[in-house]
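Beneath this line is the structure, given in structure tokens, with notes to follow.
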2 protein chains.
Amino acid sequence: MELIYQGKTKDVYSLKDGNYLLKFKDDVTGEDGVFDPGANTVGLQMEGAGQAGLRLTKYFFEILQANDLPTHYVDADIDKAEMIVQSAKMFGKGLEVICRYRAVGSFLRRYGMYAEEGQSLDGFVEVTLKDDDRQDPPISADALDMLGILSLAEYEEMKDLTIKISGIVKEELAKKGIELFDIKLEFGRTGKDKKITLIDEISGGNMRAYKDGVYIEPLELERLIVSE
Amino acid sequence: MELIYQGKTKDVYSLKDGNYLLKFKDDVTGEDGVFDPGANTVGLQMEGAGQAGLRLTKYFFEILQANDLPTHYVDADIDKAEMIVQSAKMFGKGLEVICRYRAVGSFLRRYGMYAEEGQSLDGFVEVTLKDDDRQDPPISADALDMLGILSLAEYEEMKDLTIKISGIVKEELAKKGIELFDIKLEFGRTGKDKKITLIDEISGGNMRAYKDGVYIEPLELERLIVSE
């Protein structure tokens, strides 16, 4: 296998059968030693973070597959912190699709003139470009279409999938008394028919979850959802 | 008449008949003494800027009215730099609707990963919030709707008006050999039926216009379009 990309929290290898291998690392995003799923920098290392992220991802991806929602997931080896996935083409140089149930983070930094911290947002979907140099700017469906990143029809499909997938994650968390504030998903196109498919991961590293008003760290979330 | 608002480039007075009076000032937006229509600060004063802005606004608003496009324009007194307008309700605390024909300014600062400076954008419309503290963040139709600023149907109507109005301004400029790169419009709701109506002004202060590859300053634009 060949290393083709080193990400902030994962390395990507290509396999001979056309699939890819994602190696989950113990690095998590944040600033000044504090975890922040919205940050663009790797702020700290947490032992076991890679395995925990993979365990949660496997857990959620299997539930999504059982619900006929498209993911790139093929198989996982938790001990090695490795996941096998289908080949997928990113949209442009990468998008983040955010589903928001409460106004926190970058939403509040942008729209704080019109929203109170923590107010309910009822599964609001927005898209940002993955572009560290430009602080991951938000982008409209029209702009995505005009810039050739994805079509308006693909946007609608991606938005619809985001609402369904995020809703399932929210429900799973609710079973443990945990509230999902927001979640960040990534999509790509897979196969000959360029099917819009959930890629990357679903773990504590890309969501904000709270229990009894207290934020739950990624490793703790994995423990509450999978291990208990 | 009563002063009800002091803006960066205009003061607003309420009149007894329900209309408003806009007093155009000689202040123009920019930074460090350089004019910039996208800036949030008043960078300099130019003698005659208020009258020139009003003259261009009157010129364009009368053309728009002749084309059955809704504006708040009632009358103007160029000598006094005063314009009488209908009462209009802003969307939220104010939006800017930008129509772009070439990639420059904030568009390029946000989407420079996908666009070359000066590339054609074919009348692309985007909306930003008027919020100096948050650097006028871009906002999607879905977010405007969710935050109660305007409905999706109103958004579509505003976008359609923006394309028509900007197209007319672009044509008028083209008659003088001037190319419109982008223009920033404002809309509000007027009358009992809350009709979506162009408000504020159309002048050199809210567009970027070029002739033979050279940027045209607001006062020069007024001279080229109206006085010659």
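If I ask for residues that are touching a strand residue (DSSP E or B) at 6+ places or on another chain (Cβ under 6 Å), in contact (Cβ under 8 Å) with a residue 24 or more places away in the chain and at the interface with chain A (Cβ under 10 Å from one of its Cβ atoms), which ones from region B:140-164 would you list?
If the condition is that a residue be touching a strand residue (DSSP E or B) at 6+ places or on another chain (Cβ under 6 Å), in contact (Cβ under 8 Å) with a residue 24 or more places away in the chain and at the interface with chain A (Cβ under 10 Å from one of its Cβ atoms), then B:159 is the only one that fits.
Filter region B:37-96 for residues that are more than 14 Å from the chain's Cα centre (by Cα) and among the acidic types (Asp, Glu) and give the result.
B:47, B:62, B:68, B:75, B:77, B:79, B:82
For region A:126-138, which residues satisfy the criterion of being more than 7 Å from every other protein chain (Cβ to nearest Cβ) and hydrophobic (A, V, I, L, M, F, W, C)? Steps first, please.
Our first condition is that a residue be more than 7 Å from every other protein chain (Cβ to nearest Cβ); within region A:126-138, this holds for A:127-128, A:130, A:132-133, A:135-136.
Within region A:126-138, just A:127 meets the criteria.
Please count how many residues of region A:213-228 are without any contact (Cβ under 8 Å) to a residue 24 or more places away in the chain and of a type in the set (Asp, Glu).
Matching residues across region A:213-228 total 1.
Considering each residue of region A:1-30, count those that are surrounded by 14 or more Cβ atoms within 10 Å (Cβ to Cβ) and assigned to a strand (DSSP E or B), and give that number.
Residues meeting the conditions: 14.
I need the full set of residues from region A:116-136 which are more than 17 Å from the chain's Cα centre (by Cα) and either on the phi < 0 side of the Ramachandran plot or not assigned by TED's automatic domain parsing to the domain that holds residue A:93 (or both), in order please.
Correct list: A:116, A:117, A:119, A:120, A:121, A:133, A:134.
List the number of the failed condition for residue B:68; all other conditions in (1) on the phi > 0 side of the Ramachandran plot; (2) open to solvent by less than 40 Å² (accessible area, probe 1.4 Å) hold.
(2)
Right, residue B:52: crowded, with 18+ Cβ neighbours inside 10 Å and either within 8 Å of another protein chain (Cβ to nearest Cβ) or part of a helix (DSSP H, G or I) (or both) or not?
Judged against the criteria, residue B:52 is a match.
Just checking: which of the strands (runs of 3 or more DSSP E) contained wholly in region B:64-119 hold 2 or more residues that are more than 14 Å from chain A (Cβ to nearest Cβ), closer than 21 Å to residue B:169 by Cβ and not charged (D, E, K, R)?
Those strands (runs of 3 or more DSSP E) span B:73-77, B:82-85.
The values are calculated or read from the model by the stated rules, or taken from the named source; none is laboratory data. Just so it is clear, the model here is predicted, and its values are computed rather than measured. All Cβ positions, even for glycine, are placed from backbone atoms using ideal geometry, and neighbour counts span all protein chains on display. Ligands, DNA and RNA are excluded from the accessible area calculation, which covers all protein heavy atoms including side chains. Shrake-Rupley method; radii C 1.70, N 1.55, O 1.52, S 1.80 Å.
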